[in-house]
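Peer 1: Below you will find the structure I want to go over with you.
The values are calculated or read from the model by the stated rules, or taken from the named source; none is laboratory data. Remember, it's a predicted structure, so these values are computed and weren't measured experimentally. Note: ideal-geometry Cβ built from the backbone for every residue, glycine included; neighbour counts use all protein chains shown.
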């Protein structure tokens, strides 16, 4: 069981490390750079070359059944769900085969709307304490499930 984190803009890296260490799960923090090494034998910081979706490709090539992926990137989430991994968003949303198609369609629709209306930018919701709490609860549940 491994935990793969799309780490560049991840607001819950410390929480992932804390919960994963409790479960003795190996953690891969995948980024384009800028992360400090983590003093844990279970955590590896993987620095990939600059470029669009390079970190996503690294994760997608490795994640599979029994693994947990942490990402807010919906195309990456879809690839990992298809590979059998458990996928969790930073806000605690669990991505599954049942919901990932709808989430991708909504993402594409919103991108089209934003491109047609230049005043429709920056309308995202702020990351909250409730999101962090929900994330911790669901990560704990997914790691227990993956360990079975």
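Peer 1: Kindly indicate whether residue 77 is under 18 Å from residue 138 (Cβ atoms), part of a helix (DSSP H, G or I), modelled with pLDDT of 90 or more and in contact with a strand residue (DSSP E or B) (Cβ under 8 Å, 6 or more places away or on another chain).
Peer 2: For residue 77, the condition - under 18 Å from residue 138 (Cβ atoms), part of a helix (DSSP H, G or I), modelled with pLDDT of 90 or more and in contact with a strand residue (DSSP E or B) (Cβ under 8 Å, 6 or more places away or on another chain) - is met.
Peer 1: Name the residue, out of 77, 60, that is free of Cβ contacts under 8 Å to residues at least 40 places away in the same chain and farther than 19 Å from residue 15 by Cβ.
Peer 2: Only one candidate passes the filter, namely 60.
Peer 1: Collect the residues in segment 80-92 that are in contact with a strand residue (DSSP E or B) (Cβ under 8 Å, 6 or more places away or on another chain) and not in a loop (DSSP other than H, G, I, E, B), keeping them in residue-number order. Lay out the reasoning, then the answer.
Peer 2: Keep residues of segment 80-92 that are in contact with a strand residue (DSSP E or B) (Cβ under 8 Å, 6 or more places away or on another chain), which gives 80-81, 85-90.
Within segment 80-92, 80, 81, 86, 87, 88 meet the criteria.
Peer 1: So for segment 108-116 (the condition being assigned to a loop (DSSP other than H, G, I, E, B) and either surrounded by fewer than 16 Cβ atoms within 10 Å (Cβ to Cβ) or at pLDDT 90 or above (or both)), does at least one residue qualify?
Peer 2: No, because not a single residue in segment 108-116 is assigned to a loop (DSSP other than H, G, I, E, B) and either surrounded by fewer than 16 Cβ atoms within 10 Å (Cβ to Cβ) or at pLDDT 90 or above (or both).
Peer 1: Are any of the residues in segment 34-45 in a helix (DSSP H, G or I), touching a strand residue (DSSP E or B) at 6+ places or on another chain (Cβ under 6 Å), closer than 20 Å to residue 139 by Cα and touching a residue at least 24 places away in the same chain (Cβ under 8 Å)?
Peer 2: No - not one qualifying residue is present in segment 34-45.
Peer 1: Scan segment 49-67 and give yes if some residue there is part of a strand (DSSP E or B), touching a helix residue (DSSP H, G or I) at 6+ places or on another chain (Cβ under 9 Å) and either crowded, with 20+ Cβ neighbours inside 10 Å or modelled with pLDDT of 95 or more (or both), otherwise no.
Peer 2: no
Peer 1: In addition: If I go through segment 10-33 residue by residue, how many of them are surrounded by 14 or more Cβ atoms within 10 Å (Cβ to Cβ) and part of a helix (DSSP H, G or I)?
Peer 2: So the first thing to find is which residues in segment 10-33 are surrounded by 14 or more Cβ atoms within 10 Å (Cβ to Cβ), and the list is 10, 12-13, 15-17, 19-21, 23, 25-32.
If we keep only those that are part of a helix (DSSP H, G or I) as well, we get 13, 15-17, 19-21.
Total satisfying the criteria: 7.
Peer 1: Out of all the residues in segment 11-48, which are closer than 15 Å to residue 63 by Cβ and touching a helix residue (DSSP H, G or I) at 6+ places or on another chain (Cβ under 9 Å)?
Peer 2: Selection gives 16, 20, 25, 26, 27, 28, 29, 30, 46, 48.
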